[in-house]
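A.B. asks: Pasting a structure below so you can have a look.
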Amino acid sequence: MIQESPPNVDPNIGKVESKSSLAVMGLSALGIVFGDIGTSPLYTFKTILNMTGGAPAPYVVIGSLSLILWTLMIITSVKYVGFAMRINNDGEGGILALMSLLAIKKQQRPTIVAIGLFGAALIYGDGAITPAISVLSALEGLNIAAPALKPYVLPAAAAILVGLFAIQPLGTARIGKAFGPIMGVWFLAIALLGAWGIFRHPAVLVALNPVYALRFLFSDGFASFIVLGGVFLCVTGAEALYADMGHFGPRPIQFAWSVLVLPSLVLNYAGQAAIVLDGASSADNIFYQLCPSAILIPFIILATIATIIASQSIITGAFSMTRQAIQLGWLPRLRITQTSAQGYGQIYVGIINWLLMIVTIGLTLFFGKSDNLAAAYGIAVSLTMLMTSVLLFIAMREIWGWSVLASGAVAGIFLCIDTGFFVANLTKIADGGYIPLLLAVLVYATMWIWHSGSIAVGKSLSARVIPVKEFLASLVSRNIPRVPGTAVFLTQTLFDTPPIMVWHVTHNRALHTSLLALTVVSESVPRIDASKRLSLTEIGPNFWRATARYGFMERPDIPALLGQALKKGGRIQLDDIVYYVGHETVLHREDGKGLPRWAEEFFAAMERNAVHVTDFYKLPNDGVVEIGRQIAI
């Protein structure tokens, strides 16, 4: 809607403010969204030329550069910025949000769920490598600036990574405010260095012609094809653009990418290729050879800070993805700490932090050099991108209503490119690529076991329900005394009498005057409108059933919800309230129809170590009664 400007007001003021706000948001996005892809020039071009072997011929340099530039444009600009970011789950992006949009909102689709979950698990796998390769590649500039410090590069990288993970419990709200400006300086710096390299050999700009990319790709058969595994490193952070869309919205990310990030990356990669054509050695780190020796040490410091920011983004993304998986019912309840009141995304998940740290430090020490890590890097993300393309095809058909021909034509291009990158990356399996895949399989298996066990527990409890009328009649016939106050029974059942209420009466032979059966439902949307948060129905005299709905980006607070909703007109007394929660002890089914014993034991271990319902729902510790039950699954 276009509104008339009031008298004596410049009609362009609103536009200026809008552009200013867009620029500010775009600057903030630099530190969160573009850290990974922005530090890829540290190792990408060097890795590609190492894969070609020996002193690269001019056609190899130009062809490799052309492949990088067109990969950035097709995968990042077209696929993610142009298409994927137009498909969102109520503002949220990423493969989990896309999965829930297509599979859970529409109908239960196990294949789509499996694709989305394994794609998310793959992100965990490569997420452990990103901090290691980024920090190592930054510090390896010391090999050029001060060769005597070479033995200290690996210990320094390990120390920086330990420090990075150690400060996570403190939160990054204050530090995060500086992330955007620092990354802005980083992108401007690499752009200027790239421009200086191009000035030395401007003929390198012919790589903008895609013919050189295709000519090189098909020049040496399989040897040229394998190079795609190195080229892919330039877009390993592209998935973050989509996944972090909910933090800033699509426009700031698109703005920052088009105005600063893409031009800076293009200039820097072209500058690296230019100095190689001009005679620079490809044996050393090409990225740092762009930098004048007088400012090399300060630039290494800037690069190290940039890689720390990139690593921080990966860690924060892992925390956010974990919370989504918990809310969607695919991971056990974990302790989530909100580290900032201003930013909902500022959270800390302890067990994820320490597991990531152990794996990242282990990979750093095991591989020792960024060149070795590059051999294992990219395979998991390439498979994630391939899965995203499959989901995008379905979204084009079902969300946008495109025809099979139109959807197949667009998504087919993405699928062909993603498949090429994935197949090329398969050659890395023997060189360490199996590590992120193994990590992904472990994460996926954990998700599957938890979800399957939770469903089995729910079915076991539902088999024991009693109709409300029958239960209330039994209270009268058995002369069960009613005591003053309100009892809130948390239950998974949406109908009939909650099993935990039946257990309570059986063992305590008394019941409160006012009863509330409360079911907390995690929806497949990021957030629920406040007006739709709580539904309340009276199903018997002084017996209410309530359903509390939360999105997968929200943290439930049951006392606050009941206090706000019931004070507006509810007839339930809140001044004397007791919460009843069940604590299930999982047993193995002897009839052989349940989960495999190993899966049941793993689920039981996760159930024992999950955050207690009291903490997860923020229930008052002095107002909760826990009732233990044995459940065979």
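A.B. asks: Suppose R0 equals 41 Å; then what is the FRET efficiency for I413 and T537 from their Cβ-Cβ distance, rounded to the nearest 0.05? Display every interim value, and only then the final one.
C.D. replies: On the way: r = 51 Å, r/R0 = 1.24.
Efficiency at R0 = 41 Å is approximately 0.20.
A.B. asks: Here's a follow-up. Taking only protein heavy atoms and a 1.4 Å probe, what accessible area per residue, in Å², does segment 222-330 have with all protein chains in place? All intermediate terms of the calculation are to be shown ahead of the outcome.
C.D. replies: On the way: 3000 Å² over 109 residues.
Ligands and nucleic acids excluded, the result is 27 Å² per residue.
A.B. asks: Also, I was wondering about something else. Please give the FRET efficiency for V423 paired with D622, using the beta carbon to beta carbon distance and R0 = 41 Å, rounded to the nearest 0.05. Display every interim value, and only then the final one.
C.D. replies: On the way: r = 60 Å, r/R0 = 1.45.
Efficiency, rounded to the nearest 0.05: 0.10.
A.B. asks: Let me ask another. Can you show me the helix-derived [θ] at 222 nm for the chain, built from DSSP H runs with n ≥ 4 at -39,500 (n - 2.57) apiece and divided by the number of residues, rounded to the nearest 500. Don't skip to the end; give the middle numbers.
C.D. replies: On the way: 29 runs with 357 residues, N = 633.
The helix-only estimate for the chain comes to -17500 deg cm²/dmol at 222 nm.
A.B. asks: Another question, then. With no solvent and one point per C-alpha, what does the Debye sum give as log10 I(q)/I(0) for segment 399-495 at q = 0.12, 0.16, 0.18, 0.20 Å⁻¹?
C.D. replies: Cα-only, vacuum Debye calculation for segment 399-495: -0.77, -0.96, -1.03, -1.07.
A.B. asks: To the nearest 0.05, how large is the calculated FRET efficiency for K369 and A166 if R₀ is 22 Å and r is the Cβ-Cβ distance? Walk me through the numbers on the way to the answer.
C.D. replies: Working: r = 24 Å, r/R0 = 1.10.
Taking R0 as 22 Å, the efficiency between K369 and A166 is 0.35.
A.B. asks: Over 25 Å between Cα atoms, which of K369/K428; K469/K532; K46/K150 qualify? Before the final figure, lay out each step's value.
C.D. replies: Working: K369/K428 16 Å; K469/K532 28 Å; K46/K150 18 Å.
Pairs exceeding the cut-off: K469/K532.
A.B. asks: To the nearest 20 debye, what is the magnitude of the charge dipole of the chain about its Cα centre, counting +1 on the Cβ of each Lys and Arg and -1 on the Cβ of each Asp and Glu? Could the numbers behind the result be given before it?
C.D. replies: Working: 41 positive and 35 negative charges, 212 e Å.
Value, rounded to 20: 1020 debye.
A.B. asks: State the volume of the convex hull built on the alpha-carbon positions of segment 212-340, expressed per residue in Å³ and rounded to an integer.
C.D. replies: Working: hull volume 25.6 nm³, N = 129.
In segment 212-340, the Cα hull volume divided by residue count equals 199 Å³.
A.B. asks: If you don't mind, another one. Note down the net charge around L511, summing +1 for each Lys or Arg and -1 for each Asp or Glu among other residues with Cβ under 11 Å from its Cβ. Before the final figure, lay out the partial values.
C.D. replies: Working: positive: R478, R482, R509; negative: none.
Surrounding charge for L511 is +3.
A.B. asks: For the chain, calculate the relative contact order in percent as a whole number, restricting contacts to Cα pairs under 8 Å that are 6 or more residues apart. If you can, show how the numbers build up before the last one.
C.D. replies: Values: 999 pairs, mean separation 122.8, N = 633.
RCO, the chain: 19 percent.
A.B. asks: So what is the orientation-averaged projected area of the chain, using the convex hull of its C-alpha atoms, in nm²?
C.D. replies: Working: hull surface 137.6 nm².
Across all orientations, the chain yields a mean hull projection of 34.4 nm².
A.B. asks: Further question: Expressed in nm², what is the orientationally averaged projection area of the convex hull enclosing the Cα positions of segment 53-164?
C.D. replies: One quarter of the hull surface, i.e. the mean projection, equals 11.3 nm².
A.B. asks: Along the Cα→Cβ direction, 7 angstrom out, place labels at V465 and V78. What is the inter-label distance in nm?
C.D. replies: 5.1
A.B. asks: Once both labels are modelled 7 Å past Cα along the beta-carbon direction, what's the A23-W598 spacing in nm?
C.D. replies: With each label point 7 Å from Cα toward Cβ, the separation is 5.9 nm.
A.B. asks: Mark the label point 7 Å from the Cα of V578 along Cα→Cβ and return the residues of segment 494-510 whose backbone N is within less than 18 Å of it.
C.D. replies: Under cut-off, by backbone N: 498-510.
A.B. asks: Label segment 388-445 by shape, choosing from rounded, prolate and oblate, from the square roots a ≥ b ≥ c of the eigenvalues of the Cα gyration tensor; if a/c is under 1.5 it is rounded, and otherwise prolate applies when a/b is larger than b/c, oblate when it is not. Please report the intermediate quantities before stating the final value.
C.D. replies: Numbers: a/c = 6.49, a/b = 1.98, b/c = 3.28.
Oblate is the answer for segment 388-445, as a/c is 1.5 or above yet b/c matches or exceeds a/b.
A.B. asks: OK, next. In the chain, with Lys and Arg counted as +1 and Asp and Glu as -1 at Cβ, which of these residues, A325, I352, P169, has the Cα nearest the positive end of the dipole, that is, farthest along it?
C.D. replies: Of the options given, the answer is A325.
A.B. asks: Could you check the simple spin-label distance between E398 and L149, using points 7 Å along Cα→Cβ, in nm with one decimal?
C.D. replies: 5.3
A.B. asks: Taking a ≥ b ≥ c as the square roots of the eigenvalues of the Cα gyration tensor of segment 173-273, is the shape rounded (a/c under 1.5), prolate (a/b larger than b/c) or oblate? Provide the component values of the computation, followed by the final result.
C.D. replies: On the way: a/c = 2.55, a/b = 1.55, b/c = 1.65.
Since a/c reaches 1.5 but b/c is at least a/b, the shape of segment 173-273 is classed as oblate.
A.B. asks: Now for a separate question. Quick one: net charge around H583, please, counting Lys, Arg +1 and Asp, Glu -1 for every other residue with C-beta under 11 Å from its C-beta.
C.D. replies: Working: positive: R608, R629; negative: E584, E607, E626.
Around H583, the surrounding residues sum to -1.
A.B. asks: Rounded, prolate or oblate: pick one for segment 329-420, where a ≥ b ≥ c are the square roots of the eigenvalues of its C-alpha gyration tensor, a/c under 1.5 means rounded, and failing that, prolate if a/b is larger than b/c, else oblate.
C.D. replies: Details: a/c = 3.31, a/b = 1.41, b/c = 2.34.
Note, shape of segment 329-420 comes out oblate.
A.B. asks: For Y580, list long-range residues whose amide hydrogen, built 1.01 Å from N in the peptide plane, is under 5 Å from its own amide hydrogen.
C.D. replies: V488, F489, L490, V625
A.B. asks: Now for a different question. Specify the angular offset, from 0 to 90 degrees and rounded to the nearest 10, of the alpha carbon long axis of helix 13-33 from the longest principal axis of the alpha carbons in the chain.
C.D. replies: Helix 13-33 and the main axis of the chain meet at about 90 degrees.
The values are calculated or read from the model by the stated rules, or taken from the named source; none is laboratory data. In this text the structure is predicted, and so the values were computed from the model without any measurement. Neighbour counts are summed over all protein chains in view; Cβ atoms, including those assigned to glycine, are modelled from backbone coordinates with ideal geometry. Quick note on the areas: whole protein, heavy atoms, side chains included, nothing else; ligands and nucleic acids left out. Shrake-Rupley method; radii C 1.70, N 1.55, O 1.52, S 1.80 Å.
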